[in-house]
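The values are calculated or read from the model by the stated rules, or taken from the named source; none is laboratory data. Remember, it's a predicted structure, so these values are computed and weren't measured experimentally. FYI the Cβ positions are ideal-geometry reconstructions off the backbone, even for glycines, and counts take in every protein chain you see.
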Amino acid sequence: MLVGNKVRLRALEREDLPNCVRWLNDREVTEFLLQNSPLSQAMEEKWFDAQVSIPPTSGQVLAIEAKVGTDWVHIGNTGLHNVEPVTREAEFGIFIGEKSYWNQGLGREATLLTLKHGFEDLNLNRIFLFVFENNLRGIAAYKAAGFVHEGTLREAIYKNGRYYNVLVMSVLHSEWKGC
Ligand SMILES: CC(C)(COP(=O)(O)OP(=O)(O)OC[C@H]1O[C@@H](n2cnc3c(N)ncnc32)[C@H](O)[C@@H]1OP(=O)(O)O)[C@@H](O)C(=O)NCCC(=O)NCCS
């Protein structure tokens, strides 16, 4: 468990999947995600079975929980994927599916906790992400967490009938300032 001030991260459980299916069928949530088709519970369970067969040190999806009073509420997922054993790099991903929790600094805090996990628990050297050029909220949250823009993939995504550029952003362990 990774615990911050407003959010904590824990392993994703099978019981969390109905939330994920609901969120990933919401076009406002998926506007900036690689999720272009309706998602069923069965499809999500198949994805989950594949995820839990991967060692956590090679990649793991984590549930983001927000503190609400004395309770913790599952609001989305984050994680590190495809950990490269030699270069010690991994891809970061995140979505907050409960839209009422957007724009409250929770994405930034969840990003910082995931970076801390990557650098301090998994001994990563580089954590990178891909973000659509028009995802201004995501880009702002990532910059606030320490990611820098290192390049642009031109027209690398097709969404809602047109192509978009995709930014590559990363943080190196040597740049990591902690949470
Ligand atoms: C992207 C996401 C994780 C960010 O989390 P969040 O909790 O909403 O973001 P935060 O509150 O931490 O930070 C958002 C920042 O963007 C800024 N912002 C919001 N809308 C903006 C806009 N249209 N233009 C510029 N900045 C904007 C906010 O002011 C805030 O910056 P500040 O803290 O300096 O004020 C979340 O919104 C989300 O999951 N969205 C849907 C799925 C998604 O886009 N996933 C990421 C795919 S790469």
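Check whether at least one residue in the stretch 116-130 is within 23 Å of HIS149 (Cα to Cα), surrounded by 21 or more Cβ atoms within 10 Å (Cβ to Cβ) and out of contact with any Phe, Trp or Tyr (no Cβ under 6 Å at 6 or more places or on another chain), and report yes or no.
Yes - at least one qualifying residue is present in the stretch 116-130.
Which of the residues that make up the stretch 156-167 are touching a Leu at 6+ places or on another chain (Cβ under 9 Å), without any contact (Cβ under 8 Å) to a residue 60 or more places away in the chain and crowded, with 16+ Cβ neighbours inside 10 Å?
VAL166, LEU167
Looking at LEU172, LEU153, which is the one that is surrounded by 12 or more Cβ atoms within 10 Å (Cβ to Cβ), within 20 Å of the chain's Cα centre (by Cα) and touching a residue at least 24 places away in the same chain (Cβ under 8 Å)?
Sole residue among the options that is surrounded by 12 or more Cβ atoms within 10 Å (Cβ to Cβ), within 20 Å of the chain's Cα centre (by Cα) and touching a residue at least 24 places away in the same chain (Cβ under 8 Å): LEU172.
Kindly indicate which of LEU2, LEU112, LEU12, LEU17 is out of contact with any strand residue (DSSP E or B) (no Cβ under 6 Å at 6 or more places or on another chain), in contact (Cβ under 8 Å) with a residue 24 or more places away in the chain and more than 13 Å from the ligand (Cβ to nearest atom).
Going through LEU2, LEU112, LEU12, LEU17 in turn, the sole match is LEU17.
Looking only at the stretch 5-54, count how many residues are over 16 Å from SER100 (Cα atoms), in a helix (DSSP H, G or I), polar (S, T, N, Q) and in contact with a helix residue (DSSP H, G or I) (Cβ under 9 Å, 6 or more places away or on another chain).
Residues meeting the conditions: 1.
Of the residues GLU98, GLU89, GLU133, which is out of contact with any helix residue (DSSP H, G or I) (no Cβ under 9 Å at 6 or more places or on another chain), of a type in the set (Asp, Glu) and touching a residue at least 24 places away in the same chain (Cβ under 8 Å)?
GLU89
So in the stretch 80-106, with the set limited to residues that are closer than 19 Å to GLN35 by Cα and small (Gly, Ala, Ser), which one is surrounded by the fewest Cβ atoms within 10 Å (Cβ to Cβ)?
Checked the stretch 80-106; the qualifying residue surrounded by the fewest Cβ atoms within 10 Å (Cβ to Cβ) is GLY93.
Quick test for you: out of ALA42, ALA66, pick the one residue that is among the small types (Gly, Ala, Ser), within 29 Å of GLN104 (Cα to Cα) and over 14 Å from the mean Cα position of the chain (by Cα).
Among ALA42, ALA66, only ALA66 is among the small types (Gly, Ala, Ser), within 29 Å of GLN104 (Cα to Cα) and over 14 Å from the mean Cα position of the chain (by Cα).
Which residue out of THR87, THR30, THR78 is modelled with pLDDT of 95 or more, of a type in the set (Val, Ile, Thr) and away from the ligand (no atom under 16 Å from the Cβ)?
So the residue among THR87, THR30, THR78 that is modelled with pLDDT of 95 or more, of a type in the set (Val, Ile, Thr) and away from the ligand (no atom under 16 Å from the Cβ) is THR87.
Can you tell me which residue is nearest to the ligand (Cβ to nearest atom) among those in the stretch 117-154 that are touching a strand residue (DSSP E or B) at 6+ places or on another chain (Cβ under 7 Å) and in a helix (DSSP H, G or I)?
GLY138
Out of curiosity, is LEU24 within 13 Å of the ligand (Cβ to nearest atom), surrounded by 12 or more Cβ atoms within 10 Å (Cβ to Cβ) and aliphatic (A, V, I, L, M)?
Criteria met by LEU24.
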